[in-house]
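Following: one structure in C-alpha cells, then a few remarks.
The values are calculated or read from the model by the stated rules, or taken from the named source; none is laboratory data. Bear in mind the structure is a predicted one, so any value in this text is a computation, not a measurement. Heads up, the Cβs are rebuilt from the backbone with ideal geometry, glycines too, and the neighbour counts pull from every protein chain shown. Note: accessible area is taken over every heavy atom of the protein model, side chains too, but ligands, DNA and RNA are not part of it. Shrake-Rupley method; radii C 1.70, N 1.55, O 1.52, S 1.80 Å.
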Amino acid sequence: MPYPPPPRVLPGPRRRTLLASAAGAALLAGCSSASDDPDGGTGGSPSLAERARARAARDSEGLIGRYDAVLAAHPALERLVTPLRAEAVRHVEAFGGGASGSSASPPASTSPSPSASASVPAVPSDERDALAELAAAERTLADQRAKTLLDMPGELARLLASVAAAGATHAFLLTEGAR
C-alpha cells in the first residue's frame, strides 16, 4: 500500500510570516534604539540633530527649486509635478524650514528666480528627460536621508524615514510619468 501524499499546508508559521516579523522587528529596533529621549535629544551632541534638520530642510528647498524650474520649462507637466512639489513644501515645514519656497503653489512667473537658477541645473527641453532628472534628484535625496537616519535620534529618525519613503515614491511616480 502506498503512503498518502503529505498535506499541502505544513504545520507552523509560514515563510512570509517569519520574514514580515523579522523585518518589523528590525525596523522597531532601529528606530527605538536610537534614542528613548522623548524630545529627540542626541545625548551629548544636541546640535547634531539640529544640523541634520536644517540640512534636510535646505535639501527639500533645493528640490522645490528643481520642481519650480521644471514647471517653468514645461507647464504641461503641472498636473503631475504640482502635487509632488506641494509635498516637498510640507517636508520643508516638517523639518522646521520655510524661509524660501514655503508657498504650496508654484510661482506665477514663467522663469525660475535668479537664486534658484544659480543652484538648479538647466532643465532638459524634453519633458521625459526633465521628469527623469527630477526623479533622479528625488531618488538621490531619499537615499541620502535613509543613510542619515541611522545616526539620528528617535523622532528625527522616524521623520527622515518617512520623508525618504515619500521621496522614493515621488521618484517612482515621476519615472512612471516619464513613460
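Is it true that A164 is open to solvent by 70 Å² or more (accessible area, probe 1.4 Å) and either modelled with pLDDT of 90 or more or within 26 Å of A73 (Cα to Cα) (or both)? No. Checking G30, G62 one by one, the residue that is part of a helix (DSSP H, G or I) and either modelled with pLDDT under 50 or in contact with a His (Cβ under 7 Å, 6 or more places away or on another chain) (or both) is G30 and no other.
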